[in-house]
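See below for the structure under consideration.
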Amino acid sequence: MRRTDREVTDIGIIKDVLDHCQAVTYGLYDGKELYSVPMSFGYEMTEDGKMRFYSHCAHEGRRLSILRNGHDRAAVSAFCDGKLYLDPVVVCRSGFSYRSFMGSGRLRIVEDAQEKAHGLKVVFKHYSGI
């Protein structure tokens, strides 16, 4: 991150940002091309203090083909609370502020029925708060 003065490392603030985001975007690479896909999501903290994201999708499609072909590294990003600021006199003083999350990790397809059910609960909790 270029602007390290704006970098947030406090896990409470990071969770607050994610709690306000409506979707995450996964950036994948299939060995030839980049592929970026926004998805619904939920997240939880693991015992070792890392974040685990869950997303739900169809049983087929490009994102799953990429994973099934062994390309499991991904970037993840999300933004929320966007606000546009317009300066009617000097346009270049205008701007857009937002809060965002960026990370990277490995994706995997969940096959176990119990883990699938757990993942769906995590996703629905994100949107419903229940």
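Is it the case that Tyr43 is over 11 Å from the mean Cα position of the chain (by Cα) and of a type in the set (Ser, Thr, Tyr)?
no
Can you run down the residue pairs with Cβ atoms below 6 Å, 6 or more apart or on separate chains, where the first is in the range 31-57 and of a type in the set (Phe, Trp, Tyr) and the partner is modelled with pLDDT of 95 or more and part of a loop (DSSP other than H, G, I, E, B)?
If the second residue must be modelled with pLDDT of 95 or more and part of a loop (DSSP other than H, G, I, E, B), the pairs left are Phe41/Ser55; Phe53/Phe41.
Restricting to the range 68-101, name every residue that is of a type in the set (Ser, Thr, Tyr) and loosely packed, with under 11 Cβ neighbours inside 10 Å. Walk me through it before giving the result.
Of all residues in the range 68-101, those of a type in the set (Ser, Thr, Tyr) come to 77, 85, 94, 97-98, 100.
Correct list: Tyr85, Ser97.
Say whether the condition of being in contact with a Leu (Cβ under 9 Å, 6 or more places away or on another chain), closer than 21 Å to Thr9 by Cα and not in a helix (DSSP H, G or I) is met by at least one residue in the range 84-96.
no
Please count how many residues of the range 105-120 are under 17 Å from the mean Cα position of the chain (by Cα), part of a helix (DSSP H, G or I) and loosely packed, with under 15 Cβ neighbours inside 10 Å.
1
Out of Cys80, Cys21, which single residue is touching a helix residue (DSSP H, G or I) at 6+ places or on another chain (Cβ under 8 Å) and touching a residue at least 24 places away in the same chain (Cβ under 8 Å)?
Going through Cys80, Cys21 in turn, just one is touching a helix residue (DSSP H, G or I) at 6+ places or on another chain (Cβ under 8 Å) and touching a residue at least 24 places away in the same chain (Cβ under 8 Å): Cys80.
Against the conditions (1) among the acidic types (Asp, Glu); (2) more than 16 Å from Asp19 (Cα to Cα); (3) touching a strand residue (DSSP E or B) at 6+ places or on another chain (Cβ under 7 Å), where does Asp81 fall short? Just the number, please.
The one condition Asp81 does not meet is (2).
Evaluate the range 22-33: report whether one residue or more is surrounded by 15 or more Cβ atoms within 10 Å (Cβ to Cβ) and of a type in the set (Ser, Thr, Tyr).
Yes, some residue in the range 22-33 is surrounded by 15 or more Cβ atoms within 10 Å (Cβ to Cβ) and of a type in the set (Ser, Thr, Tyr).
Taking only pairs six or more apart or across chains, which ones have beta-carbon atoms under 7 Å, a first residue in the range 84-106 that is in contact (Cβ under 8 Å) with a residue 40 or more places away in the chain and at negative phi, and a second residue that is among the acidic types (Asp, Glu) and surrounded by 10 or more Cβ atoms within 10 Å (Cβ to Cβ)?
Arg99/Asp81
The values are calculated or read from the model by the stated rules, or taken from the named source; none is laboratory data. In this text the structure is predicted, and so the values were computed from the model without any measurement. For neighbour counting, all protein chains shown are included, and Cβ atoms are generated from backbone atoms with ideal geometry for every residue, glycine included.
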